[in-house]
Amino acid sequence: MSKKFAVLGSPISHSKSPAIHLAAYRVLGLDWEYGRAEVSLGGLRKFIDELETPWDGFSVTMPLKEDATRFAEIHDEPSTLTKATNTLVRDEFGKWHGYNTDIFGLIQAISKTLPELPKRVLVIGSGSTAISAITAVSMFAPKAHIEVFARNQNASVGTVKYAKSLGMHAKRATKLKRATARAQLTISSVPSGAMDAQAAELNSLRFWKPGGALMDVAYNPWPSKIAELWTTRNQPVISGIEMLIWQAVAQIRLFYAADMNKELPNEIAVVEAMREAAQN
């Protein structure tokens, strides 16, 4: 049975989601459609309500993740916890279910790279992706100490408070140099280019070295300036492409079987096809 999906957000023209989803559908032998649509903040409900025929689901990217949480009628625990929804699925009764698969994507991308659990984690940013990153850390490394570095001081206070609500040891980081040197894992949750100036400043410090791996959720362009910096200092870098692929795997599991934890048929080949499509 043919189904119809799309990724919604703004800007959306650069999104790799159509390519990686369609690559997965081909391996699975599914005659499904997957497109993209430019939808601005506040326009999600209007867009969906005005569709000529109901679609089966959507991937939701910035700046619509909070809108999607308000739109969904039924939520999974991660989307309820983070108030961020990146996947909408319409059930057979026409009700919309909201999910946060970013957390699954982060855990998969990081756990497949790091040899051991980090004891200190630095999260750069204070938006919805930072909240998802902290939630992910609370699940795969619950004893880790978290620091939050963000330009918006008020927002970072709220982000630290959220981490503490999960039972994490958390505080604000005021000095990026010291925080990155101490962290065994740094997660940059900010948009592409947002850390370019800070990367240049750190690069000018002759004896500075990051304490561990970098997970950069941004992937266009790649490598980012901060990823290049980590590479020149001989530390591992995890591309946002890996997070993108694994959160999409969770989305397709939901589209296919309504269960994020149920592996797809021939999932290894599916992921390989998605990864190849993401590189083009």
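The values are calculated or read from the model by the stated rules, or taken from the named source; none is laboratory data. This structure is a prediction, so every number in the text was calculated from the model and none was measured. Positions of Cβ are backbone-derived with ideal geometry, glycine not excepted, and every protein chain shown enters the neighbour counts.
Below is a table of values for the structure above.
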| quantity | calculated |
| --- | --- |
| Members of the stretch 1-45 found to be basic (Lys, Arg), crowded, with 16+ Cβ neighbours inside 10 Å and over 17 Å from the mean Cα position of the chain (by Cα), listed by number | LYS3, ARG36 |
| Tally, over the stretch 10-36, of residues that are in a loop (DSSP other than H, G, I, E, B) and within 16 Å of ASN280 (Cβ to Cβ) | 4 |
| Residue selected from the stretch 102-138 under the condition over 11 Å from the mean Cα position of the chain (by Cα), in a helix (DSSP H, G or I) and among the hydroxyl-bearing types (Ser, Thr, Tyr), by the criterion nearest to ILE238 (Cα to Cα) | SER111 |
| Complete set of residues in the stretch 77-101 that are under 18 Å from ALA133 (Cβ atoms) and either surrounded by fewer than 18 Cβ atoms within 10 Å (Cβ to Cβ) or polar (S, T, N, Q) (or both) | GLU77, SER79, THR80, THR82, LYS83, THR85, ASN86, THR87, ASN100, THR101 |
| Any hit, the stretch 236-246, residues being surrounded by fewer than 21 Cβ atoms within 10 Å (Cβ to Cβ), closer than 22 Å to ALA133 by Cβ and more than 18 Å from the chain's Cα centre (by Cα) | yes |
| Candidates ALA144, ALA197, filtered to the one that is surrounded by fewer than 18 Cβ atoms within 10 Å (Cβ to Cβ) and modelled with pLDDT of 95 or more | ALA197 |
| Residue under evaluation LEU88, criteria (1) in a helix (DSSP H, G or I); (2) closer than 30 Å to PRO54 by Cα; (3) not hydroxyl-bearing (Ser, Thr, Tyr), criterion not met | (1) |
| Unique match (being more than 27 Å from LEU202 (Cα to Cα) and among the acidic types (Asp, Glu)) among GLU147, GLU77 | GLU77 |
| Test: residue in the stretch 234-257 that is of a type in the set (Ser, Thr, Tyr), in a loop (DSSP other than H, G, I, E, B) and either farther than 27 Å from LEU28 by Cα or modelled with pLDDT of 95 or more (or both) | no |
| The one condition in (1) in the same structural domain as GLN153 (by TED's automatic domain parsing); (2) buried (at least 23 other Cβ atoms within 10 Å of the Cβ); (3) not hydrophobic (A, V, I, L, M, F, W, C) that ARG120 fails to fulfil | (2) |
| Residue list for the stretch 41-80, restricted to those being in contact with a helix residue (DSSP H, G or I) (Cβ under 6 Å, 6 or more places away or on another chain) and touching a residue at least 40 places away in the same chain (Cβ under 8 Å) | GLY57, SER59, VAL60, LEU64, LYS65, PRO78 |
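Okay, residues lined up against (1) touching a residue at least 12 places away in the same chain (Cβ under 8 Å); (2) assigned by TED's automatic domain parsing to the domain that holds VAL137; (3) in a loop (DSSP other than H, G, I, E, B):
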| residue | (1), (2), (3) |
| --- | --- |
| GLN198 | yes, yes, no |
| LEU205 | yes, yes, yes |
| GLY211 | yes, yes, yes |
| LYS262 | no, no, yes |
